[in-house]
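The values are calculated or read from the model by the stated rules, or taken from the named source; none is laboratory data. Keep in mind that what you see is a predicted model, and the values were worked out from it rather than measured. As a convention, Cβ positions derive from the backbone with ideal geometry for all residues, glycine included, and neighbour counts pool all protein chains shown.
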Amino acid sequence: MKVTGITFIRNAIINDYPIVEAIKSILPMVDEMIVSVGNGEDETEMLIKNINSDKIKIVHSTWDLSLRKGGRILAVETNKVMEHVSSDTDWIFYIQGDEVIHEKYQSHISSAMKKYVDDKSVEGILFNYLHFYGTYDYVGDSRKWYNCETRIIRNNKNIQSYRDAQGFRKGNEKINVVKTDAYVYHYGWVKNPKQMKIKQKNVAGFWNDNDESLNQFLQTEDFFDYNEFDSLKRFEETHPFVMKDRINQKNWDIKLDIKKKNLKLKYRILDWFEKRIGRRLFTFKNHKIVARFKAEK
């Protein structure tokens, strides 16, 4: 079984992406790692080279910044890096620049890939998500945050990144996936308030193609108010080991009142239902779950 990891990144230093931690978190589970470095304004490529792993292959991409609607540029860059995957690869392990896998899931994920490698009806492996917010102590627990997504796909040229690179499809057809117990730790909303707003401004054009509203946003204060959340809970477990240095270097502190809830009545009802039976109703999905792979006891 051959597994190829892939990711794309641009301006990782300017936007403070944990791309090094993201790559390191999946290196033990892949045979090679293809990193597509976009044409940015910082030393992102040197950052990747300093990881110093012979598994890593750097390729280069020129981003089409005119693709300004709905995050489409992110799917385009995902598909571009997938083109570098060799035909002898069985599974493609996709990780985004602000996502990290905890080492406690490595054996579980590898076992799932091995079990289904010869079952061609399985086209992807589905992960749960934890979305950290503000600091490393809080996670979003409302329907605002997507609760699962496909991060491993079969090496099939018909499977492509969809919309803003959140998931994958074959044309408009949803892919068949196996759901694992593993989690992706998403750190995209953990930055100091100034850096968070600067990053939002830097990437706003990837989603907003309205010049007037985009310019209005770019003129707002360089400070993100983390108090504007709907629902959070405290995180009481451990973070991935590769995140240790980054967490220790955190130079800001935010205290958020998790008792505060800002949910409309229908979402309160749906959240109540989800937390009690473990199912999320009426949510967008790019996949069809055909099996569940449980962790060994």
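Residue-by-condition table, conditions (1) part of a loop (DSSP other than H, G, I, E, B); (2) over 20 Å from the mean Cα position of the chain (by Cα); (3) among the basic types (Lys, Arg):
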{"residue": "LEU65", "(1), (2), (3)": "yes, yes, no"}
{"residue": "VAL76", "(1), (2), (3)": "no, no, no"}
{"residue": "SER87", "(1), (2), (3)": "yes, yes, no"}
{"residue": "ILE92", "(1), (2), (3)": "no, no, no"}
{"residue": "TYR105", "(1), (2), (3)": "no, no, no"}
{"residue": "SER110", "(1), (2), (3)": "no, no, no"}
{"residue": "MET113", "(1), (2), (3)": "no, no, no"}
{"residue": "LEU130", "(1), (2), (3)": "no, no, no"}
{"residue": "THR135", "(1), (2), (3)": "yes, no, no"}
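Yes or no, residue by residue, for (1) of a type in the set (A, V, I, L, M); (2) surrounded by fewer than 16 Cβ atoms within 10 Å (Cβ to Cβ):
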| site | (1), (2) |
| --- | --- |
| ILE159 | yes, no |
| GLY167 | no, no |
| THR180 | no, no |
| HIS186 | no, no |
| VAL190 | yes, no |
| ASP209 | no, yes |
| GLN216 | no, yes |
| PHE223 | no, yes |
| ASP253 | no, yes |
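When residues of the range 29-49 are filtered for being touching a residue at least 24 places away in the same chain (Cβ under 8 Å) and farther than 23 Å from LYS201 by Cβ, how many remain? Outline the logic, then answer.
If we filter the range 29-49 for residues that are touching a residue at least 24 places away in the same chain (Cβ under 8 Å), which is where we start, we get 29-44, 47-48.
Then keep just the ones that are farther than 23 Å from LYS201 by Cβ; that gives 29-36, 48.
So the count comes out to 9.
For ILE9, state whether it is at pLDDT 95 or above, within 18 Å of ALA204 (Cα to Cα) and surrounded by 22 or more Cβ atoms within 10 Å (Cβ to Cβ).
Numbers: at pLDDT 95 or above: yes; within 18 Å of ALA204 (Cα to Cα): yes; surrounded by 22 or more Cβ atoms within 10 Å (Cβ to Cβ): yes.
Taking the combined requirement at face value, the residue satisfies it.
With the requirement that a residue be over 17 Å from ILE9 (Cβ atoms) and either surrounded by 15 or more Cβ atoms within 10 Å (Cβ to Cβ) or in contact with a helix residue (DSSP H, G or I) (Cβ under 7 Å, 6 or more places away or on another chain) (or both), what does the range 86-97 give you? Lay out the reasoning, then the answer.
Our first condition is that a residue be over 17 Å from ILE9 (Cβ atoms); within the range 86-97, this holds for 86-91.
Listed by number, the residues that qualify are THR89, ASP90, TRP91.
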Could you look through the range 27-39, keep only residues that are of a type in the set (A, V, I, L, M, F, W, C) and more than 11 Å from THR7 (Cα to Cα), and pick out the one that is surrounded by the most Cβ atoms within 10 Å (Cβ to Cβ)? VAL30
